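Inspection log for the structure reproduced underneath, given as structure tokens.
The values are calculated or read from the model by the stated rules, or taken from the named source; none is laboratory data. This one's a predicted model, so the numbers in the text were calculated from it and none came from an experiment. Here the Cβ positions follow ideal geometry from the backbone for every residue, glycine too, while neighbour counts run over all protein chains shown.
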Amino acid sequence: MAKREIIIIPDKRLRLTSEPVAAIDRSIRALVADMFETMYEAPGIGLAAIQIGVPKRVVTMDLAKKDEPKAPQVFINPELIWHSEEKAVAEEGCLSIPEYYEEVARPNAVKVKFLDLAGRPHEIEAHGLLATCLQHEIDHINGVLFIDHISKLKRDMVLKKFKKAAKRGAPAKPLAEDKEPSHHIG
Ligand code: K1U
Ligand code: ZN
């Protein structure tokens, strides 16, 4: 198991469409182990393989609260098969856009089909944080970022800040109006 580097915007790999997993073999199990180590260390509640530079349709997640036992979940080839008409607004963050949080409106319920690590098929209906996180991660494997769901003005500000930082080779400075995460965990 190894912690991997999380790539951040404006890295072009974050805009790739990830490839479906054809066979859940030893290399996929090793990738999942590395993703959990990387996600827990970050720390984050979700991670898509492309965020560590691997363009495969693999997602890890753990939505357990601080005082609860770990609850690791793996979604291989996740597919959104239904979403509600009703939307909910929730604050989102992204490990590939560090220290930037913004409210995003998305369907408040979704149905997702996926394979688990043993290759068994599942279909779940998700609400609340699970629905938000699944949509955020499925966006990642389709090359979409949560800033694509906010106003162009805000998105351009964020992109400008991270492009400037990448040129300097330094971490991006926080935007004056960035909010702290408020909705999660613990
Ligand atoms: O995919 C990612 O970039 C991970 C992202 C998942 C996510 C968070 C919030 C809404 C939708 C999707 C994160 O984990 S950001 C970090 C975060 O939420 C967090 C960090 C420390 C403790 C608790 C939460
Ligand atoms: Zn993200």
Item to check | Set A71, A48, A42, A90: member being among the hydrophobic types (A, V, I, L, M, F, W, C) and in contact with a Lys or Arg (Cβ under 8 Å, 6 or more places away or on another chain) | outcome: A90
Checklist entry - Would you call I9 within 13 Å of ligand 1 (Cβ to nearest atom), over 22 Å from I124 (Cβ atoms), buried (at least 19 other Cβ atoms within 10 Å of the Cβ) and over 12 Å from the mean Cα position of the chain (by Cα)? => result yes
Checklist entry - What strands (runs of 3 or more DSSP E) completely inside segment 57-146 contain at least 2 residues that are over 19 Å from M35 (Cβ atoms) and modelled with pLDDT of 95 or more? => result 72-83, 87-92, 102-107, 109-115, 121-127
Checklist entry - Counting just the residues of segment 12-27 that are surrounded by fewer than 20 Cβ atoms within 10 Å (Cβ to Cβ) and part of a helix (DSSP H, G or I), which one comes out farthest from the chain's Cα centre (by Cα)? => result R26
Item to check | Per-region count, segment 28-51, residues outside any helix (DSSP H, G or I) and within 12 Å of ligand 2 (Cβ to nearest atom) | outcome: 6
